[in-house]
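Report on one structure; see the data block that follows.
Laboratory data are not the source of any read-out in this text; all were calculated from the coordinates shown. Everything numeric here is computed off the predicted structure, so don't read it as measured data. Glycine also receives a Cβ, built like all others from the backbone with ideal geometry; neighbour counts cover every protein chain displayed.
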Ligand SMILES: Cc1cc2nc3c(=O)[nH]c(=O)nc-3n(C[C@H](O)[C@H](O)[C@H](O)COP(=O)(O)OP(=O)(O)OC[C@H]3O[C@@H](n4cnc5c(N)ncnc54)[C@H](O)[C@@H]3O)c2cc1C
């Protein structure tokens, strides 16, 4: 029987989900022989999570909620293959090493450890692959793809490999170098801070570093320039964090459009897989609306999401007050309402004004008096962060406001049902990306609380400044030196020696540094996704994740998953969560079942043995199988 050849381009967490589904299906012995060629210059499995990066760079998801394996909640994705979650793997590693440093499933551990887990998962899958599923790993970048008859020829710097089927899981690629004039005179501008250690190695003590953004990447940059430079945090008897400088830190000045840092992740009280269950933004409600028309996120979706957030807030509030009657009366009546006016009326009836959940404050928490002066803003910001930390300590079930904000995370699939594959009107899609996504990131996708406590300690120690207020920006002086300038207080301006743009690039595939995506576009094997005139990013895929050609036809033997499809899909940059029918696993299952369906049909009708094409130097992954043969 002819051996079908499958290529997976990019073996990060997404590529692993595809490999996991292929191995799981092949272990049932229902499928004919396949040869899987994997391409990735990085250690297979790790993707952007380098196992050798510094230990102070943290995963911002608790270890118990991360897995690379499917389970019985994952729908329509094929058989379950048992494998450890990140936390289970860490615990086993601790036991082997005789340590207990990763014992908490609600702990945030290093991305280096996560990279090691992902690399282990890869070898585990290779070891479990049955004899009719051969795996070869090329530690090379695929530079281009071409079509010969129905097959693909993938070219690397070392040679070519042909494949019947290709899955693109290329993840976080770099943007093509900007054609801006060199900025070595005056301020040094760092467009992309990853890999952190190498990119900001040029920063010396005594320099002032401007950091654009107050998000997760900023937390990485700050950790590297403080703890990474030998500084230490410690917690005093009252629980307050302090920073002892090493003297090798620069001075840090962080600012952002909103002037606000992300809010801290609340202590996890939901275990591994408990999630808030939608009462308003239900999947069937969203699907019914979508069947009629394109949606307007602000009018159709946001009121339902807000209603669910209110529900979670008042559920926690009533529990906190130990008021079962309030809980029964208010919550039962809330679910029976069908308009926000009715819900507001209900809340007015039962909840005193000072305890009400207020959308306007959540969206724009800075009061007018905080903007009167720089010191007034500093005082307010500290209080704001300390208040947020107090709520984070209560937890994502017991703190009303954190319970409400966690709804956005728990109902992300319901949001996806509205947004994916051009579900919104063009105007609404633009609004979503410009307004809602930054807001969602601020309230629901923040760093571990320890990071925010550390930020305050760095402000106290005079190492960091974060009080530039909303709409602060960076301007270039005539000497080529950049200054961070407050939009509210003219006296707040700070010249910087280095300016770091602290965000992960979400550029269009048309601007990708790698020739692969640009080549697929120019050769007509792919086209940019557009919702009307709006290109939010990504290449177009259909609902089976088949790449859509320049001519508009889905290509039956080419699929793309994850970040290259961020545009037709929403929020693709998360790793699978245990026990919640995780989208990444469902999507991989869909691709693999479709692919195996093709193979089944081909192997029945065309049992032709075909010689291997010449291949570049390989690392034959199956060699690792023996290492784990007992698993
Ligand atoms: C710095 C950083 C920190 C993050 N932290 C978290 C976190 O804490 N929690 C979380 O849930 N998510 C986090 N993410 C989001 C991230 O998207 C996911 O964790 C996950 O890595 C996505 O997996 P992926 O396989 O799609 O992409 P990646 O991890 O980027 O992997 C893609 C792989 O494809 C390879 N590749 C690309 N092009 C080619 C080519 N032409 N040929 C061959 N190989 C190619 C790359 O070398 C890479 O190994 C983080 C992202 C970044 C950038």
Please work out the C-alpha center-to-center distance from the stretch 237-287 to the stretch 379-452 and express it in whole Å.
-> 9 Å
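Taking the mean number of other Cβ atoms within 10 Å as a proxy for protection, how do you rank 454-461, 75-82 from highest to lowest? Spell out each step's value before the answer.
Working: 454-461: 20.5, 75-82: 14.6.
Result, highest mean first: 454-461, 75-82.
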Stokes-Einstein, Kirkwood over Cα pairs, the stretch 520-562, 25 °C, 0.890 mPa s; D in µm²/s equals 239 µm²/s
Based on the Cα coordinates of the stretch 212-270, what is the per residue volume of their convex hull in Å³?
-> 124 Å³
Using the alpha-carbon centroid of each, what span in Å lies between the stretch 105-165 and the stretch 513-542?
-> 23 Å
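From the square roots a ≥ b ≥ c of the eigenvalues of the alpha-carbon gyration tensor of the stretch 117-232, which class results: rounded (a/c under 1.5), prolate (a/b over b/c), or oblate? If you can, show how the numbers build up before the last one.
Working: a/c = 3.59, a/b = 1.83, b/c = 1.97.
Verdict is oblate for the stretch 117-232.
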What would the Debye formula give as log10 I(q)/I(0) at q = 0.15, 0.20, 0.25 Å⁻¹ for the alpha-carbon point model of the stretch 41-98, no solvent?
-> -0.62, -1.00, -1.21
When the C-alpha atoms of the stretch 73-170 are aligned to their principal axes, what extent does each axis show, in angstrom, from largest down?
-> 55, 33, 25
Relative contact order of the stretch 283-444 (C-alpha contacts under 8 Å, at least 6 apart) in percent is 41 percent
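Using the alpha carbon gyration tensor of the stretch 434-527, what are the three equivalent-ellipsoid semi-axes (square root of 5 times each eigenvalue), largest first, in whole Å? Numbers along the way, then the final one.
Numbers: eigenvalues 236, 89, 37 Å².
In descending order, the three semi-axes are 34, 21, 14 Å.
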Which value at 222 nm does the chain reach when only helices count, each DSSP H run of 4 or more adding -39,500 (n - 2.57), with the total divided by all residues and rounded to the nearest 500 deg cm²/dmol?
-> -10000 deg cm²/dmol
What percent do you get for the relative contact order of the stretch 429-542 when only Cα pairs under 8 Å and 6+ apart count?
-> 15 percent
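Stokes-Einstein D for the stretch 1-82 at 25 °C, 0.890 mPa s, Kirkwood Rh over Cα pairs, in µm²/s? Walk me through the numbers before you get to the answer.
Working: Rh = 14.7 Å.
For these conditions, the coefficient is 167 µm²/s.
Using only the alpha carbon atoms of the stretch 305-372, find the Kirkwood hydrodynamic radius as the inverse mean reciprocal pair distance, in angstroms to one decimal. Walk me through the intermediate numbers first.
Values: mean 1/r = 0.0775 Å⁻¹.
Computed over Cα pairs of the stretch 305-372, the Kirkwood hydrodynamic radius comes out at 12.9 Å.
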Whole-number value, in Å³ per residue, for the convex hull of the alpha carbons of the chain is 176 Å³
Measure nothing but the geometry: give the 0 to 90° angle between the long axis through the Cα atoms of 13-26 and the longest principal axis through the Cα atoms of the chain, rounded to 10°.
-> 40 degrees
Taking Cα atoms only, helix 86-97 is inclined relative to the longest principal axis of the chain by an angle, in degrees rounded to 10, of 80 degrees
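If you take the Cα Rg of the stretch 283-444 and divide it by 2.2 N^0.38 Å, with N the number of residues, what do you get?
Values: Rg = 17.3 Å, N = 162, 2.2 N^0.38 = 15.2 Å.
Output field value: 1.13.
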Dividing the convex hull volume of the alpha carbon atoms of the stretch 1-47 by its residue count, what do you get in Å³ per residue?
-> 59 Å³
